[in-house]
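**Q** Quick one: this structure, given as structure tokens, is what I'll be asking you about.
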Amino acid sequence: MRYALVLACALLGLSGQPGAGQDAPAAVVKAPSPILTLDDERLFSGSAFGKAVIARHDAATQALIDENRRIEAALETEEKELTARRSAMTRENFLPLSEAFNKKVEGIRKAQDAKSRELTRAIDEDRQSFLQAARPILAEVMVDAGASAIIDRRAVLVGFENIDVTDEAIARLDAAFADGSLKPAAP
């Protein structure tokens, strides 16, 4: 019954706190909830580990972009040289050079695409390792809150903000993995 009253007051905006014209901030209803929510994207990107992974991924991605630009410039130069030689060559002599160049370009494209896929695979693997390491800490958050489940915030159509435990989970994860790795911090 008390929960229903708290819920009704919350829905009606009756927090028991000073009115809108006064300076005190409105209180957040702290009704116990058997279900908590978590923004797993923010959990990862907001944690020290996630920030380190994202920074490494961004640096590796930028390095690959820079490498692709250098390769592209070199290939453009080579293509221009090949095109300039074309007028002085017979079709039979030019065709093997052209085919070799095209084969080279395709090989480079495949190699660069493989590097890009590897970067994506690596960050996905790091994200999965993070979520696996986070499970015991998320379980502690859940138990401490007296909840039975933590669900992805995106699955909730309507809910109270006070059931989102993302910030608390980030703080606990950063404390547990103080150096930004997934190795537990020394006690």
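The values are calculated or read from the model by the stated rules, or taken from the named source; none is laboratory data. Fair warning: this is a prediction, and the values are worked out from it, not measured in the lab. Please note: Cβ atoms are built from the backbone with ideal geometry, for glycine as well, and neighbour counts cover all protein chains shown.
**Q** Among 43, 82, 75, which is assigned to a helix (DSSP H, G or I), touching a Gly at 6+ places or on another chain (Cβ under 8 Å) and either surrounded by 15 or more Cβ atoms within 10 Å (Cβ to Cβ) or at pLDDT 95 or above (or both)?
**A** Unique residue meeting the criteria: 43.
**Q** Would you check if residue 111 is loosely packed, with under 13 Cβ neighbours inside 10 Å, among the aliphatic types (A, V, I, L, M) and part of a helix (DSSP H, G or I)?
**A** So residue 111 fits the description; yes.
**Q** So the check is Cβ under 7 Å with 6+ separation or different chains; which pairs have a first residue in the stretch 113-124 that's touching a residue at least 60 places away in the same chain (Cβ under 8 Å) and a second one that's of a type in the set (S, T, N, Q)?
**A** 119/61
**Q** Would you check which residues across the stretch 127-141 are among the hydrophobic types (A, V, I, L, M, F, W, C) and surrounded by 13 or more Cβ atoms within 10 Å (Cβ to Cβ) and list them?
**A** 130, 131, 133, 134, 137, 138, 141
**Q** Would you mention how many residues in the stretch 142-156 are modelled with pLDDT of 85 or more and surrounded by 13 or more Cβ atoms within 10 Å (Cβ to Cβ)?
**A** 6
**Q** Suppose we keep only residues that are at pLDDT 90 or above and of a type in the set (A, V, I, L, M, F, W, C) within the stretch 157-175. Which one would you say is surrounded by the fewest Cβ atoms within 10 Å (Cβ to Cβ)?
**A** Across the stretch 157-175, the extreme among qualifying residues is 175.
**Q** Need the failing condition index for residue 93 against (1) part of a helix (DSSP H, G or I); (2) closer than 30 Å to residue 159 by Cα; (3) of a type in the set (S, T, N, Q), just the number.
**A** (2)
**Q** Turning to a different aspect of this structure: Output the number of residues of the stretch 130-160 satisfying the condition of being touching a residue at least 12 places away in the same chain (Cβ under 8 Å) and over 22 Å from the mean Cα position of the chain (by Cα).
**A** Final tally of qualifying residues: 9.
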